[in-house]
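One structure below.
The values are calculated or read from the model by the stated rules, or taken from the named source; none is laboratory data. Fair warning: this is a prediction, and the values are worked out from it, not measured in the lab. Reconstructed Cβ throughout: ideal geometry from the backbone, glycine too, with neighbour counts over all protein chains shown. In case anyone asks, the SASA skips ligands and DNA or RNA and just uses the protein heavy atoms, side chains included. Shrake-Rupley method; radii C 1.70, N 1.55, O 1.52, S 1.80 Å.
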Amino acid sequence: MNPFFKWTGLASLGAFLIASATANEADPIKFLATYCIDCHGEETQKGKRRFDGLTLEMTDFEAVEHWQEIVDQLNLFEMPPEDEPEPTDEERAAMIAFISGKIAEAQASMKSSGGHTVLRRLNASEYRYTIEDLLGVRTDMWDPAADFPRDVALHGFDNNGEALVTSNLLLEEYLKSAETIVQKATNFSKAPEMNLWASWHPFHFKKAPEDLVDIPQPNVYTFDRYRPNYDEYNYTKLVGRHDRGGSVGFRPWAMDGAPASGTYTVRVKIASLGINHPYPTALAKAGAKPGDLNVLEIRAVDRRGSLSDTRVMVRKKLDNEKPEWFEWDVYIEKGYQPEIRMGNGPGAAKNLMRIVLNGEGKDLEHMKPFLEKGGEGLDRWHDFFKAYQGPQLHVYEFQVKGPHKEEWPPKGQTALYGEMTKSNKVSPGKIEERLNAFAEAAFRRPLKEGELDEIKAMVLEAKKRDDVNDLEALQLGFQAILASPGFLYLDQGEGQLDSYALASRLSYFLYSSMPDAELLEAAAGGNIDLVAQTERMLKNPKSDRFVKEFLYDWLHYKNIGEMPPGNKVFREYYRDQLGAAMATETEMYFRDLLERNGEIRNFLDSDYTFLNEPLAKHYGIGEVEGLEFRKVSLTDRRRGGLTGQGSFLTASANGVDTSPVVRGVFILEQILGEVPAPPPPDVPGLEPDIRGASTIRDMLIKHREIKTCAECHSSIDPPGFALENFDAIGGWREKYGENERGLPIDSSGTLKGGLEFDGVVQFKEHLLAKEDQFARCLTEKLLTYALGRELDIQDRPEIDRILKDLEAKGNGLKDLVLLVVSSELFANN
């Protein structure tokens, strides 16, 4: 079943008038025999489509879908192929009008529940967000779904109920996670006192340097405090960078880490030097260019396990040569250690020394004697970096103060235990009260009669055991609730949703999580104003989850994680945190259109975007300073719209190189809603010419000489060619390869229908002419995400109604979201 339906409006008003006059004269069966059966008949079934058995008796959904697909292809002028006999405009219009009428009659007479998801499991992201909102457990520092099997995505969407199966392994992980969640949420202690629990100043180390425990390994950072003459310095020098983490930066901590989870104030007195350094040749090899501001990173690091877990809390560019104080409030999980790092230095210490010893940078040769005069280990490093004048941060003092007193008792404690105090004795009545209260919150609806009977019986039985106290027995009940279907599944029934199911559908669409208090109150009243609630919820910061998760599915962000850019080829991607920057650009772009109800055509092309300095430099755009994002006007038309954004271009590449075929399919599926047929099984894939004798365009031209490949590639390749000047992380290039012998890139092409373009700018002009087709594609993507299921042919009339209303309102993104939530599809299952 093809889940994406094409644009069905007639090509022009003239075509509509012709169709009205000639519809009654149409003979669809004769039309098929004349123009379609040669490619879709008994002997040949291109695209696995066979039409010679079709009749006008549309008594089932499959027949309706086949006829709808034929109408779509005729509307798009995709079929018949250019090298086959073409119908006249009158014949085409009459066929479209006649079959469209028959389809409407068939849809009106049929009812469907096929494909509608009655039970849908929460995916991993929804599980995390729901745990956070239910119990206040911060999942940005600890992931309760980290060990879950990966969710399967259908057509990019990982919230599709059909694919969200529950395996025995997943059930085991649910139980393990539930136990940890209850432990983290339980806190009978008094509110923690805020204090200066960690402070570091270099003078602390002058009298007892032998007490230092964080001696660096050869591939990590170098620090002034390790130099033999400690009395010579009153700061710690940080140079270098460790892209993949796992090694020490600078840590003033109690060895057990933060004493309690919460918000802490971190203060650092720091200076930034060596920005305009004298090593342009040598350090360019390590990715540090003269003039680049040094980046301070403050991370939270968990070193209690065999592998370190690290999260960036602060990232800031510094240009102050004299020491200054900086301060931030950050969240630190219990046991995590705050750590200062230099986020964009010239590489680890051994890399700099290798450059010197190998003679790779002439401007560093004067430092070679420091490495050749002898000495081992740290002594050798100390002398080298004493003379080093490159990028460096000088840390004079670092303080961490907290945790701040916030909500107490914590949200999770109250949700689980109410006003209970810690006791090993809990009455059966109190157990029932707390299980009922927690389950109703976790299930997002009133409890059904007898729904918790088995869990209550289990808890009361556990109370009788000598090795389990009453509180532990109650906690077993909480764990069982978190592993039960009422929590893990969205049970939406059949037909019209009740108010609680509707509240959950809206909340998991916009929050990826459980309904908030106001939405649940409306559900209890039995009448939810979906438009008003949506307007309210879109103003809540939790709706950022909708922006992030929908874009993740629609634009296949997961591709970046599966095929990350090569660290050696695209060093700047990691040094400048471009991956996160690209995601932020697209999320802010989407959010901006949503908030101001901007026209959806801006996704196809625009004269603005959102950038910070590293991403702007990556795009070749100047006059953007700092790590903060801001709206930037574009004079370079190549960057306007999604097709010029790094997230789109990186997700449609393989991390190393680009393919016009992959990007072409990506544009067809994600922008135009067209799903190309899979390649025939007997046709070999493209083999790259590793000698560099031919470009990918040359190879694709040769590939299209295979007749069975030509038809699809004539649609797939041109959009991919249009983006070929963008490399695998969205950087602009004029030729393949870095050296002068690289072959020039030709980004011109011809679309179906003979529309030519000479590059990405002209290609986007043709995309804008297909705004109606894009509107249908985006509407279907939003509905697929909102409903958690594939669309089917019975959804078509309501989609058409949404599109008609959307056009009348001006094609605004916010209007589209409001039309989706107020549709019959959203209110029914």
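Roll a 1.4 Å probe over the protein chains and send me the accessible area per residue for the range 388-543 in Å². Kindly include the intermediate steps, with their values, before the conclusion.
Numbers: 7230 Å² over 156 residues.
Value for the range 388-543: 46 Å² per residue.
Can you give the net charge of the other residues whose Cβ lies under 11 Å from the Cβ of PHE478, counting K and R as +1 and D and E as -1?
Summing Lys and Arg as +1 and Asp and Glu as -1 gives -1.
Quick one: if the Förster radius is 56 Å, what FRET efficiency do LYS735 and ASP143 give, using the C-beta to C-beta distance and rounding to 0.05?
On the way: r = 43 Å, r/R0 = 0.76.
According to the calculation, E is roughly 0.85.
At 0.36 nm per residue, minus the direct Cα-Cα distance, what do TRP408 and GLU327 gain on full extension? Give it in nm, one decimal, please. Don't skip to the end; give the middle numbers.
Details: separation 81, 0.36 × 81 = 29.16 nm, distance 2.49 nm.
Additional length available on full extension: 26.7 nm.
Counting only protein heavy atoms and a 1.4 Å probe, tell me what percentage of the range 402-514's accessible area is made up of carbon and sulfur. Can you show the working numbers first?
Values: 2600 of 5380 Å².
Roughly 48 percent of what the probe reaches on the range 402-514 is carbon or sulfur.
Along the Cα-to-C-beta direction of LEU119, a point sits 7 Å from the Cα; which residues of the range 471-489 have their amide N less than 19 Å from that point?
Correct set: 480-489.
Provide the per residue accessible area, probe 1.4 Å, for the range 123-182, rounded to a whole number of square angstrom.
Working: 2470 Å² over 60 residues.
Here the per-residue accessible area is 41 Å².
Obtain the radius of gyration and the Kirkwood radius of the range 454-573 from its C-alpha atoms and give Rg over Rh.
Across the range 454-573, the Cα-based Rg/Rh ratio is 1.17.
Among the listed pairs LYS411/LYS456; LYS334/LYS463; LYS752/LYS809; LYS752/LYS804; LYS30/LYS102; LYS411/LYS542, which are separated by more than 19 Å between their Cα atoms? Mind showing how you got there, number by number?
On the way: LYS411/LYS456 23 Å; LYS334/LYS463 31 Å; LYS752/LYS809 30 Å; LYS752/LYS804 26 Å; LYS30/LYS102 16 Å; LYS411/LYS542 17 Å.
Correct reply: LYS411/LYS456; LYS334/LYS463; LYS752/LYS809; LYS752/LYS804.
Evaluate the distance, in nm, between pseudo-label points positioned 7 Å from the Cα of ASN567 and of THR88 along their respective Cα→Cβ axes.
If labels sit at ASN567 and THR88, their model points lie 6.8 nm apart.
Round to the nearest 0.05 the FRET efficiency obtained for LEU460 and GLU595 when R0 = 45 Å and r is the Cβ-Cβ distance.
Details: r = 52 Å, r/R0 = 1.15.
Calculated transfer efficiency: 0.30.
How much length is gained on full extension from VAL662 to LYS752, taking 0.36 nm per residue of separation minus their Cα-Cα distance? Please list the in-between numbers first.
On the way: separation 90, 0.36 × 90 = 32.40 nm, distance 1.79 nm.
In short, 30.6 nm is gained.
Quick one: if the Förster radius is 41 Å, what FRET efficiency do LYS430 and ARG304 give, using the C-beta to C-beta distance and rounding to 0.05? Walk me through the numbers on the way to the answer.
On the way: r = 35 Å, r/R0 = 0.85.
Given R0 = 41 Å and the Cβ-Cβ separation, E is 0.75.
Please report, in Å, the Rg and the Dmax of the range 467-511, where both are computed over Cα atoms only.
My reading of the Cα-based Rg and Dmax gives 15.5, 49 Å.
Using a probe of 1.4 angstrom, how much of the accessible area of the range 788-829 is carbon and sulfur, in percent? Could you put the intermediate results ahead of the total?
Values: 620 of 1350 Å².
On the range 788-829, the fraction of accessible area on carbon and sulfur atoms equals 46 percent.
Using a 7 Å offset from the Cα along the Cα-to-Cβ direction at both ASN320 and GLU521, what is the distance between the two label points in nm, to one decimal?
4.5
Whose amide H sits under 5 Å from the amide H of ARG121, counting only residues 5 or more places off or on another chain, with H placed in the peptide plane?
LEU490
Arrange the peptides 164-176, 602-614 so that the one whose residues have, on average, the most other Cβ atoms within 10 Å appears first. Display every interim value, and only then the final one.
On the way: 164-176: 14.4, 602-614: 20.6.
Highest mean packing first, the order is 602-614, 164-176.
Which residues does a label at GLN762 reach in the range 634-673, if reach means a backbone N under 15 Å from a point 7 Å past the Cα toward the Cβ?
Correct set: 638.
Too long at a 19 Å Cα-Cα cut-off: which of LYS184/LYS422; LYS405/LYS430; LYS430/LYS464; LYS617/LYS764? Intermediate values should be presented prior to the final figure.
Numbers: LYS184/LYS422 15 Å; LYS405/LYS430 29 Å; LYS430/LYS464 16 Å; LYS617/LYS764 23 Å.
Pairs exceeding 19 Å: LYS405/LYS430; LYS617/LYS764.
Once both labels are modelled 7 Å past Cα along the beta-carbon direction, what's the ASP38-GLU798 spacing in nm?
Modelled inter-label distance: 4.2 nm.
What accessible surface, in Å², does a 1.4 Å probe find on THR88, ignoring ligands, DNA and RNA and rounding to the nearest 10?
So the heavy atoms of THR88 present about 70 Å² to solvent.
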